[in-house]
């Protein structure tokens, strides 16, 4: 029953998202592509703060899944109620879920994605992952065509770095059906760095990795690179894998968010007027 809630309930509703407006419109469900509660390599603890705003029209209970590499086979935690047009903030959402979860699900020491549902209400979600004075923010995403990859709809993450000062990590959350995703790093001259590599993801499965390590990149300093992401098998055409990136300072653990964007686009799109 838990899995059918994601696959049947959420995915059927996903088809209705374009009727509501834009990729960033309030939605009956949203995905936070990274949530963590774990010890940091350089000391301290990474935690994810979460703000939820109920866009109305009535008070809402929020159902949250914490999806990791194991997929969606977890107990759904409910929080609330949140009054219409009101916001709540959790200083460590995974610790909150851990306290509410009656099962033996382990939240500490893990990283994954959050799937939040508020049907029939619509919500907006904002996450901030912090460790002491350092942190990064991620918006809640609607898993629609504009924010996900699919066969013949590749995505890219710019700003990849690997050197003595910085390391890069990628997270991918597969909202849709099982799929295989190929990753390739390109440098500033459009040359490949190392070798392409793949990940196979279950329904609502999550994976995180250092792309330079996975690509077996030769030793050296890498900057001004981007990651090319393509679904090679399975998945859905309307929704599918959501991708994010992160850079961390090797000395301070200060971190920066990298957002995935669509790689292709229509050549007929009219350029906006110049206003400066």
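The values are calculated or read from the model by the stated rules, or taken from the named source; none is laboratory data. Since we're looking at a predicted model, the values are computed, not measured. We place every Cβ from the backbone using ideal geometry, glycine too, and count neighbours over all the protein chains shown.
Among what's in the stretch 190-237 and is farther than 22 Å from residue 112 by Cα and at pLDDT below 95, pick the residue that is nearest to the chain's Cα centre (by Cα). The extreme case among them is 237.
Residues in the stretch 194-211 that are crowded, with 21+ Cβ neighbours inside 10 Å and either not assigned by TED's automatic domain parsing to the domain that holds residue 241 or not in a loop (DSSP other than H, G, I, E, B) (or both): 201, 206, 211. When each of 227, 237, 242 is tested for being under 23 Å from residue 29 (Cβ atoms) and outside any loop (DSSP other than H, G, I, E, B), the lone residue that passes is 242.
Is at least one residue of the stretch 86-94 surrounded by 15 or more Cβ atoms within 10 Å (Cβ to Cβ), in contact with a helix residue (DSSP H, G or I) (Cβ under 7 Å, 6 or more places away or on another chain), in the same structural domain as residue 47 (by TED's automatic domain parsing) and over 30 Å from residue 233 (Cβ atoms)? Yes, the stretch 86-94 contains at least one residue that is surrounded by 15 or more Cβ atoms within 10 Å (Cβ to Cβ), in contact with a helix residue (DSSP H, G or I) (Cβ under 7 Å, 6 or more places away or on another chain), in the same structural domain as residue 47 (by TED's automatic domain parsing) and over 30 Å from residue 233 (Cβ atoms). Within the option set 142, 131, being more than 15 Å from residue 230 (Cα to Cα), in contact (Cβ under 8 Å) with a residue 40 or more places away in the chain, under 18 Å from the mean Cα position of the chain (by Cα) and surrounded by 15 or more Cβ atoms within 10 Å (Cβ to Cβ) holds for one residue only, 142.
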